[in-house]
Amino acid sequence: MFKLTSLNLNGIRSATSKGLEDWLLQSKPDCICVQELKAQGADIKDRFEVLAGLKGHFHFAEKKGYSGVAVYSREEPSDVIVGYGSAEFDLEGRYLETRFDRAGRKLSVISAYFPSGSSGEERQAAKIRFLAEFCPYMLALKNEREFVLCGDINIAHQEIDLTNFKGNKKNSGFLPEERAWMTQLLALENAGGGMVDVYRKLHPSTTGDAYTWWSNRGQAYAKNVGWRLDYHLATPSFAQGAHTAHIYKTEKFSDHAPLTIDYDFEV
């Protein structure tokens with residue numbers, strides 16, 4: 001069994017100060033994909049290279065205190081790919097792929113942080129550019145290897161993926177074009193060419209219990225006024241091995257909650 005967690009940290013220093021490492025020691029994932037490190041190499045050195053016995057590999061943003069992703073794993077990857085070849089978005093630290101290849105098998109675990117467009121039109125335009133170039137990248141990668149991409153996608157796909165869907169139809173994260181992008185990515189699965197939303201494979205109709213992000217305004221967390229923004233997106237064969245999914249909400253390390261899924265395979 002392979003236990004895989006995804007969590008947007010909203011700052012690694014902040015999340016660890018709130019008990020993240022103790023929870024990892026108790027939860028014992030084999031691998032955790034994290035987003036929004038908000039740190040540089042100098043901040044990681046001698047402190048965050050290893051978390052709860054898991055060794056980290058990193059993609060830092062060029063801008064200090066911004067973005068950044070990592071994969072912490074119990075087993076050492078056979079290869080690590082930093083960035084996905086984007087002239088624009090690799091500078092923002094949004095993609096880290098760890099490969100666990102062996103004879104007769106090509107398999108990757110990816111941590112990704114999709115742009116948010118909530119700050120204004122300029123960043124929303126950047127988000128749309130990212131989606132346009134990233135979908136064909138994922139589908140091309142799927143033709144080469146099995147993989148699961150874990151991360152903060154910054155899209156609530158369906159009406160059941162957020163509390164106030166009627167009031168958010170014109171807001172970034174629930175715009176028609178963003179939801180259509182996700183629909184297209186997943187619909188291709190039916191033709192053997194797309195990706196699987198693993199949580200929805202296991203829980204096709206769950207609403208409030210599915211949320212992974214809450215605004216810091218208006219007691220949203222206490223009232224569970226949330227969004228499902230964090231995903232495991234897997235190739236169909238990889239997704240077939242998914243057994244159980246759990247969103248941990250007992251403690252709050254970030255404005256996001258950890259999403260953990262158990263898979264029936266070994267790295």
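The values are calculated or read from the model by the stated rules, or taken from the named source; none is laboratory data. Nothing here was measured: the structure is a model prediction, and the numbers come from that model. Ideal geometry is used to build each Cβ from the backbone, glycine not excepted, and the neighbour counts take in all protein chains shown. Side chains are part of the model used for accessible areas, which takes the heavy atoms of the whole protein and leaves out ligands, DNA and RNA. Shrake-Rupley method; radii C 1.70, N 1.55, O 1.52, S 1.80 Å.
Mind checking which residues of the stretch 28-50 are open to solvent by 20 Å² or more (accessible area, probe 1.4 Å) and among the small types (Gly, Ala, Ser)? The answer is Gly41, Ala42. Contact map, the stretch 216-240: residues that are within 18 Å of Phe114 (Cα to Cα) and open to solvent by less than 10 Å² (accessible area, probe 1.4 Å) paired with residues that are in a helix (DSSP H, G or I) and among the hydroxyl-bearing types (Ser, Thr, Tyr), Cβ distance under 8 Å, separation 6+ or inter-chain. Pairs shown: Arg228/Tyr199; Tyr231/Tyr199; His232/Tyr199.
Examine the stretch 192-202 for a residue that is open to solvent by 70 Å² or more (accessible area, probe 1.4 Å), modelled with pLDDT under 95 and over 23 Å from Lys127 (Cβ atoms), and state whether such a residue exists.
For the stretch 192-202, residues open to solvent by 70 Å² or more (accessible area, probe 1.4 Å), modelled with pLDDT under 95 and over 23 Å from Lys127 (Cβ atoms): absent.
The residue that is nearest to the chain's Cα centre (by Cα), counting only those in the stretch 245-267 that are open to solvent by 40 Å² or more (accessible area, probe 1.4 Å) and modelled with pLDDT of 95 or more, is His246.
Of all the listed residues (Glu178, Glu189, Glu122, Glu133), the sole one being open to solvent by less than 10 Å² (accessible area, probe 1.4 Å), in a helix (DSSP H, G or I) and either at pLDDT 95 or above or of a type outside the set (A, V, I, L, M, F, W, C) (or both) is Glu178. Of the residues making up the stretch 69-80, none is farther than 21 Å from Phe265 by Cα and of a type in the set (Ser, Thr, Tyr). In this structure, Arg102 does not satisfy being touching a residue at least 40 places away in the same chain (Cβ under 8 Å) and either out of contact with any Ser or Thr (no Cβ under 8 Å at 6 or more places or on another chain) or open to solvent by 10 Å² or more (accessible area, probe 1.4 Å) (or both). Against the test of being open to solvent by 10 Å² or more (accessible area, probe 1.4 Å) and not acidic (Asp, Glu), the options Lys64, Lys127 yield a single qualifying residue, Lys64. Scanning the stretch 1-19 for residues that are in a loop (DSSP other than H, G, I, E, B) and either in contact with a strand residue (DSSP E or B) (Cβ under 9 Å, 6 or more places away or on another chain) or of a type in the set (Phe, Trp, Tyr) (or both) yields Met1, Leu9, Asn10.
When Leu96 is tested against (1) open to solvent by 60 Å² or more (accessible area, probe 1.4 Å); (2) assigned to a strand (DSSP E or B); (3) in contact (Cβ under 8 Å) with a residue 24 or more places away in the chain, just one condition goes unmet, and that condition is (1).
Restricting attention to the stretch 203-215, which residues are open to solvent by 50 Å² or more (accessible area, probe 1.4 Å) and touching a Leu at 6+ places or on another chain (Cβ under 6 Å)?
Residue satisfying the conditions is Trp213 alone.
Filtering Leu25, Leu7 for residues that are modelled with pLDDT of 95 or more and surrounded by fewer than 21 Cβ atoms within 10 Å (Cβ to Cβ) leaves a single hit, Leu25. Hey, could you check the stretch 146-170 for residues that are open to solvent by 70 Å² or more (accessible area, probe 1.4 Å) and closer than 16 Å to Asn224 by Cα and say which is modelled with the highest pLDDT? Applying the filter and picking the extreme gives Glu159.
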